[in-house]
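Okay, structure first, notes after.
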Amino acid sequence: MPILPPSRPVEGCNSSGLIGHIQYLEKDCRVSSDALTDLFTPDLGFERKDDELLRKAIGHCATVGDFTTRHLLEHMIEDSEEHVDWFETQLRAAKQVGLRSI
């Protein structure tokens, strides 16, 4: 049986989704600040790369006049930007409060 529902997007299968699911199952899920950084930093890097690629694709679509695809990509970049912001906020908060466990 899969941990996450099959209808959940692949993007949702990141460390924060897994932690949330463990908490949902009422299991003890203590994560140190170092572990949190180790979990979220790769996800943040992925989202930043995704954001960069989407911006390049949007620029290309504008150049070739493909405004339908450009419009779809613009919606995708909004989602990616929200993810970048969320990861940056979590990492900054952990650093500011000297998080020992969550």
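Where a number appears in this text, it was derived from the coordinates with a stated rule and is not lab data. In this text, all values refer to a predicted model and were calculated from it rather than measured experimentally. No Cβ is skipped: glycine too gets one built from the backbone with ideal geometry, and neighbour counts run over all protein chains shown.
A few remarks follow.
- Extension gain from Arg48 to Asp85, taking 0.36 nm per residue of separation minus the Cα-Cα distance: 12.3 nm
- Summing charges over neighbours of Arg55, with a neighbour being any other residue whose Cβ is under 14 Å away from its Cβ, gives -4 when K and R count +1 and D and E count -1.
- Local electrostatic count at Leu73 - Lys and Arg +1, Asp and Glu -1, tallied over other residues with Cβ under 12 Å: -3
- Rounded to whole numbers, the Karplus 3J(HN,Hα) couplings from phi for the range 65-71 are x, 8, 7, 5, 5, 4, 4 Hz, using 6.51 cos²θ - 1.76 cosθ + 1.60 with θ = phi - 60°, and x at Gly and Pro.
- Our estimate of slack between Arg55 and Tyr24, defined as 0.36 nm per intervening residue step minus the Cα-Cα distance, is 7.6 nm.
- Angstrom value of the Kirkwood radius, inverse mean 1/r, which spans all Cα pairs in the range 45-102: 12.8
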